[in-house]
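As structure tokens, the structure follows; a few thoughts come after it.
Computed from the coordinates by the stated procedures, all read-outs in this text should not be read as laboratory data. Model, not experiment: these values are computed from the prediction. No Cβ is skipped: glycine too gets one built from the backbone with ideal geometry, and neighbour counts run over all protein chains shown.
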Amino acid sequence: MSSYSSIGETLAREHLSTRVSAHSPQVSWADRYRGATVEDLDPPPALSVSPNDIISSALLAAYERDYTHLTVTSSQTRALLGYLSIPRLKILLREGRVQESDPVKAAMQRFNRKPGNVYHVITMDTPLEDLERFFNGELGSGEGNSAARQKQEFAIVTDATRKFVLGVVTSDDLEEFVKRRPA
């Protein structure tokens with residue numbers, strides 16, 4: 001003999017399963033990344049430009065490699081000075097605030113090196129859980145700086161001593177990694 005549920009019983013069961021899944025914790029980072037590090041994202045090598053390079057040549061180099069962010073380094077010391085955001089640069093060009101013939105330093109964003117600013121070092125060995133927390137503005141908030149951290153769209157990957165820029169990873173790179181990784 002078959003057993004039939006009333007519409008009310010079926011709806012109650014569906015409502016209960018929806019409530020249970022809505023209150024279930026999200027997939028834990030350990031399950032999501034399974035020990036992967038920034039190196040597993042296989043970031044392309046960083047493309048660095050000098051503050052004195054012309055914007056048009058930096059823009060062309062970014063387009064050729066399909067990069068959204070370029071690092072800006074000193075031509076004398078190779079020290080990391082800041083970055084050039086290509087989406088922001090397009091806006092500056094469109095608004096006429098900079099010209100393609102201007103030097104990169106007119107459009108670059110410099111790092112704020114004031115005392116008290118804490119920079120979190122992202123290396124090839126950084127766990128992806130930490131990278132996600134960095135992108136979400138959750139990493140580093142308890143390290144002597146009580147101010148709320150901003151969400152980040154990209155991270156500059158360096159060696160552990162911060163002497164060499166190895167690459168740039170974006171939040172999109174992290175999302176693509178999760179999508180293509182088998183469950």
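In this structure, the amide hydrogen of Gly82, modeled 1.01 Å from its nitrogen in the peptide plane, lies closer than 5 angstrom to those of Val72, Phe111, counting only residues at least 5 positions away or on a different chain. The phi torsions of the stretch 161-175, fed into the Karplus equation with coefficients 6.51, -1.76 and 1.60 and a -60° offset, translate into couplings of 8, 6, 8, 10, 8, 9, x, 10, 10, 10, 5, 5, 4, 5, 4 Hz, rounded to whole numbers, with Gly and Pro shown as x.
Electrostatic bookkeeping for Leu59 treats Lys and Arg as +1 and Asp and Glu as -1; over the other residues with beta carbon under 14 Å from its beta carbon, the sum is -1.
So how far, in whole Å, is the C-alpha centre of the stretch 152-183 from the one of the stretch 60-133? With the stretch 152-183 and the stretch 60-133 each reduced to a Cα centre, they are spaced 14 Å. Between Lys163 and Ile91, what's the calculated FRET efficiency when r is the beta-carbon distance and R0 is 30 Å? Round to 0.05. Computed FRET efficiency for Lys163 and Ile91 comes out at 0.40. Please label the shape of the stretch 32-180 as rounded, prolate or oblate, based on the square roots a ≥ b ≥ c of the eigenvalues of the alpha-carbon gyration tensor (a/c under 1.5 means rounded; beyond that, a/b larger than b/c means prolate, else oblate). In terms of gyration-tensor shape, prolate. In summary, the lysines within cross-link reach of Lys105, defined as a Cα separation below 27 angstrom excluding same-chain residues under 8 places away, comprise Lys90, Lys114, Lys151, Lys163.
Label positions at Asn112 and Asp66, each projected 7 Å from the Cα along the C-beta direction, are separated by 3.4 nm.
Karplus-derived 3J(HN,Hα) values for the stretch 86-95, using 6.51 cos²θ - 1.76 cosθ + 1.60 with θ = phi - 60°, are 5, x, 5, 4, 4, 5, 4, 5, 4, 7 Hz; glycine and proline are entered as x. Annotation: amide H of Ala46 within the under-5 Å range of Gly167, Val168, sequence separation 5 or more or interchain, hydrogens built in the peptide plane.
Projecting label points 7 angstrom from Cα along Cα→Cβ for Arg34 and Gln152 puts them 2.7 nm apart.
Measuring r between the beta carbons of Gln99 and Tyr119 and using R0 = 35 Å, the FRET efficiency lands at 0.65.
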